[in-house]
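Contents: one structure, followed by commentary.
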Amino acid sequence: MIAVEGVIKRFGAHTVLDGVSLTVALGEVVTILGSSGSGKSTLIRCVNGLETLDGGRITVDGLDVSDPRQLAQARRLSATVFQLFNLYPHMTVLRNITLAPELVLRRPRDEVEAQARALLASVGLVGKADSYPGQLSGGQRQRVGICRALAMNPRYLLLDEVTSALDPEMTAEVLAILGKLAARQSDGAGTTMLFVTHEVEFARRISTRIVFLDQGRLIIDLPTDQFFAADGGLAHPRIRQFLSKMA
Ligand code: ADP
Ligand code: MG
């Protein structure tokens, strides 16, 4: 599991994460909601060791991400998809997907390529293996980004607003893929997900739990049905205000 314990993160005088605790157990799909600037991306970046902590502790399957050696091991367990499709523009779609499994995991090229082609087929991009990112739409690029993350066979998939740079049609394409991934959880075959999104209705459908970040504090952590219950999350004025702005 991913365990975030009392994490504090400051940028200068600004405390961006103020004692955040959160666990994501195997098989869960946990969505982080919160207004822009509440610290969601910073939290994801802390989990994959891209930020140093000013307090608290984060472990991934017991590996402390603040320790460089343990971080290197932890990074093999999780993969992240970001808002902006950071594909390598000078490499084909196929190479973008196979690069890290080959170089980091040292898996044989033919095996990795076969997996990459199967992943591309599963997201409806079977004919795009030899294209370059610049030849794809935003939605297609983001689907490649998801394939690239999945090619690492991650135990944990971290997704930070992967649709917020996309138009509604492309957003729907990408959410459909993520919905399928999340649904596989119920057979125990899927990837555990920690998901930052503004797509509240989608989060409601696919999440096992929803947490709410407000100015760096995690003020709600509830099973999805309780988050949306009148006597649960909706009893909090801050949550009602957030959801009414989203609607
Ligand atoms: P969210 O993803 O919820 O919109 P972020 O985690 O991106 O929020 O940002 C939380 C706060 O931290 C914001 O006020 C943002 O300006 C600030 N912040 C994020 N990254 C940095 C940074 N590298 N340096 C200074 N401030 C930062
Ligand atoms: Mg963000």
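Each value in this text was obtained by applying a stated rule to the coordinates, not by laboratory testing. Remember, predicted model here, so these are calculated numbers, not experimental data. Every residue, glycine as well, gets a Cβ built from its backbone with ideal geometry; the counts of neighbours run over all protein chains shown.
Dipole orientation for the chain: of the candidates Leu119, His236, Gly56, Leu119 has the Cα lying most toward the positive pole (charges on Cβ; Lys, Arg +1; Asp, Glu -1).
The residues packed around Gln142, meaning those with a beta-carbon under 11 Å from its beta-carbon, carry a net charge of +1 if Lys and Arg are +1 and Asp and Glu are -1. When the trypsin sites (Lys or Arg not before Pro) in region 82-117 are filtered for DSSP coil states and for at most 14 other beta-carbon atoms within 10 Å of their beta-carbon, the remaining sites are Arg106.
Sort Ser35, Ser78 so that the residue with the fewest other Cβ atoms within 10 Å of its own Cβ comes first and the one with the most comes last. Numbers along the way, then the final one.
Working: Ser35 17, Ser78 24.
Fewest-to-most ranking of Ser35, Ser78: Ser35, Ser78.
Given the options Phe202, Phe11, Phe212, which has the most mean-square fluctuation in a GNM of the chain, springs set between C-alpha atoms less than 10 angstrom apart? Judging by the Gaussian network model, the answer is Phe11. Taking the longest Cα principal axis of the chain as reference, the axis of helix 93-103 is set at about 80 degrees.
Using C-alpha pairs below 8 Å separated by at least 6 residues, the relative contact order for the chain is 25 percent.
Count the lysine pairs in the chain that are 8 or more places apart or on different chains: how many have C-alpha atoms under 28 angstrom apart? Taking the Cα cut-off of 28 Å, the pair count is 6. Listed from fewest to most Cβ neighbours within 10 Å, the set Thr92, Thr163, Thr171 follows the order Thr92, Thr171, Thr163. Full extension of the chain between Ile219 and Asp231 gives 2.8 nm of extra length, using 0.36 nm per residue less the Cα-Cα distance.
Report the gain in length on full extension from Asp61 to Arg205: 0.36 nm times residue separation, minus Cα-Cα distance, nm rounded to one decimal. List each step's numbers first, then the result.
Values: separation 144, 0.36 × 144 = 51.84 nm, distance 2.68 nm.
Length gained, Asp61 through Arg205: 49.2 nm.
DSSP finds beta bridges in region 117-247, and of those with both partners inside it, around 55 percent are antiparallel.
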